[in-house]
1. LYS51 - would you say it is touching a Lys or Arg at 6+ places or on another chain (Cβ under 9 Å) and not hydrophobic (A, V, I, L, M, F, W, C)?
2. Could you check, for the range 38-46, whether at least one of its residues is closer than 17 Å to MET1 by Cβ and in contact with a His (Cβ under 9 Å, 6 or more places away or on another chain)?
3. Hey, does the range 108-120 have a residue that's among the charged types (D, E, K, R), at pLDDT 85 or above and part of a loop (DSSP other than H, G, I, E, B)?
4. If I ask for residues that are of a type in the set (A, V, I, L, M) and touching a helix residue (DSSP H, G or I) at 6+ places or on another chain (Cβ under 7 Å), which ones from the range 64-94 would you list?
5. Can you find a residue in the range 30-50 that is without any contact (Cβ under 8 Å) to a residue 12 or more places away in the chain and farther than 27 Å from HIS88 by Cβ?
Amino acid sequence: MRIDKYLWSTRYFKTRNIASEACKKGHIKINGQVVKPSREVYPTDKVIVRKDQINYEFTVLDIPESRVGAKLVDIYRKDTTPKEAFEHNELLKYSKDYYRKKGTGRPTKKDRREIDDYLDEEPE
């Protein structure tokens, strides 16, 4: 089975077109090599999928006949994604909350008071 069809049928991507675009951009690796969408997938292949700033790693166990339900996905792959990948994503969310959104303009009175209070505090 083609890698783009496999990723679509195991629900890593919503459409097959999105899966093939990810392959063309170099976000998919099989056994450490960047692959084209037409590359065949076999059991025991190790696949790395870069999606939403996370490197999902899994081993192919079996090839499905067609798209499978979400509960049946684990029959066809073994997930080996390290926990650190998800923790890193959580840290990115916290760092984004600190900054003001672009285009929000000048600080409000409340923001100004909070900034002044922060600057007036003496370090202990």
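The values are calculated or read from the model by the stated rules, or taken from the named source; none is laboratory data. These figures come from a predicted structure and were not determined experimentally. FYI the Cβ positions are ideal-geometry reconstructions off the backbone, even for glycines, and counts take in every protein chain you see.
1. Working: touching a Lys or Arg at 6+ places or on another chain (Cβ under 9 Å): no; not hydrophobic (A, V, I, L, M, F, W, C): yes.
Considered against the rule, which asks whether it is touching a Lys or Arg at 6+ places or on another chain (Cβ under 9 Å) and not hydrophobic (A, V, I, L, M, F, W, C), LYS51 comes out as no.
2. Of the range 38-46, the ones closer than 17 Å to MET1 by Cβ are 38-46.
Next, only the ones that are in contact with a His (Cβ under 9 Å, 6 or more places away or on another chain) stay: none.
No, there is no match, as no residue in the range 38-46 is closer than 17 Å to MET1 by Cβ and in contact with a His (Cβ under 9 Å, 6 or more places away or on another chain).
3. no
4. Step one: list which residues in the range 64-94 are of a type in the set (A, V, I, L, M), which gives 68, 70, 72-73, 75, 85, 91-92.
Hit for the range 64-94 is VAL68, nothing else.
5. No, the range 30-50 has no match at all.
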